[in-house]
1. Cβ-Cβ under 9 Å, sequence separation 6+ or interchain: first residue in the range 176-188 and assigned to a helix (DSSP H, G or I), partner of a type in the set (D, E, K, R) and exposed (fewer than 14 other Cβ atoms within 10 Å of the Cβ). Which pairs?
2. For A132, only one of the following conditions fails: (1) modelled with pLDDT under 80; (2) under 23 Å from I34 (Cα atoms); (3) not hydroxyl-bearing (S, T, Y). What is its number?
3. For a quick check of your reading of the model, give me the residue pairs whose first member lies in the range 29-50 and is in contact (Cβ under 8 Å) with a residue 24 or more places away in the chain, whose second is among the polar types (S, T, N, Q) and outside any loop (DSSP other than H, G, I, E, B), with beta-carbon atoms closer than 6 Å and at least 6 apart or on different chains.
4. For the range 82-93, which residues satisfy the criterion of being in contact (Cβ under 8 Å) with a residue 12 or more places away in the chain and farther than 17 Å from V71 by Cβ?
5. Could you list, in sequence order, all residues of the range 1-10 that are surrounded by fewer than 22 Cβ atoms within 10 Å (Cβ to Cβ) and in contact (Cβ under 8 Å) with a residue 40 or more places away in the chain?
6. Looking only at the range 187-210, count how many residues are of a type outside the set (F, W, Y), surrounded by fewer than 19 Cβ atoms within 10 Å (Cβ to Cβ) and at pLDDT 75 or above.
7. What number of residues within the range 64-114 are assigned to a helix (DSSP H, G or I) and among the hydroxyl-bearing types (S, T, Y)?
8. When V71 is evaluated against the numbered criteria (1) more than 21 Å from S174 (Cβ to Cβ); (2) among the β-branched types (V, I, T); (3) without any contact (Cβ under 8 Å) to a residue 60 or more places away in the chain; (4) surrounded by fewer than 21 Cβ atoms within 10 Å (Cβ to Cβ), which criterion, by number, is the only one it fails?
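The values are calculated or read from the model by the stated rules, or taken from the named source; none is laboratory data. Everything quoted here is computed from the prediction, not taken from an experiment. For neighbour counting, all protein chains shown are included, and Cβ atoms are generated from backbone atoms with ideal geometry for every residue, glycine included.
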Amino acid sequence: MRVEFDFLAVLAQWPLLAKGVAWTVGLTLIASVIGVALGVAFAWVRSQGSTWLKWAVGTYVELIRNTPFIVQLFFVFFGLPAAGIKLSPEVASIMAMVINLSAYATEIIRAGIDATPKGQIEAAMSLAMSRAQVFIRVVLPPALKKVWPALVSQIIIVMLGSAVCGQISTQELSYAANLIQSRNFRAFEASSQVASSSVWPLPVRWPWSPPCCCAMKSPRRWTPSWWAKCCA
């Protein structure tokens, strides 16, 4: 039996692939900004909030961390309409990704907050700074610096998990690959474009992870030469 591969048949559909990459990156960027922001807020609640708020956020975090992402996605897209909330596939995908990322980001950021020395917080409060000022100016910057590699890794995991969003017709890359193989029956060639890490995750995460991790260590030295050295 002779097997012939025709990758050109898949590459001829490059507009669909490009659209899929654009949607994947777009979903990741939006979900990352909102998810990390919620993670910071929830981490503050778990560290300094009232007892009932800590319990509520803790329950949310444990519930999300102990359920598969695809279950969360299906609940948002198929479950919420039963309650009268109907969302488009793209909005449902962003909401599910935000919910998932915020839960993991909460614990990651909380670890950095708990690692902040108490003497540093007491010194800031002795300067008559409010609790909000202490958190934003004294606690949060070093906390993010400590946990930034883990936080970026979690964002990358969410980006890779966005392939599941094609199950509800979100036009990301895996959806484009399924559409292409339904047209030319080149399942291996189409799937390999998605499965290979050198095709789509690597160009997104390579320029992101090392500079972001380095940037948090020395934000005052952001120059073109410094970025080139950091990315090397």
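1. Close Cβ pairs satisfying both conditions: N184/D6.
2. (1)
3. Sorted first by the residue in the range 29-50, then by its partner, the pairs are G35/S102; L38/S102; G39/S102; G39/T106; F42/T106; A43/T106.
4. E90
5. Taking the range 1-10 first, the residues surrounded by fewer than 22 Cβ atoms within 10 Å (Cβ to Cβ) are 1-9.
Correct list: F5, D6, F7, A9.
6. Residues in the range 187-210 being of a type outside the set (F, W, Y), surrounded by fewer than 19 Cβ atoms within 10 Å (Cβ to Cβ) and at pLDDT 75 or above: 3 in total.
7. Qualifying residue count for the region: 4.
8. Single failed check for V71: (1).
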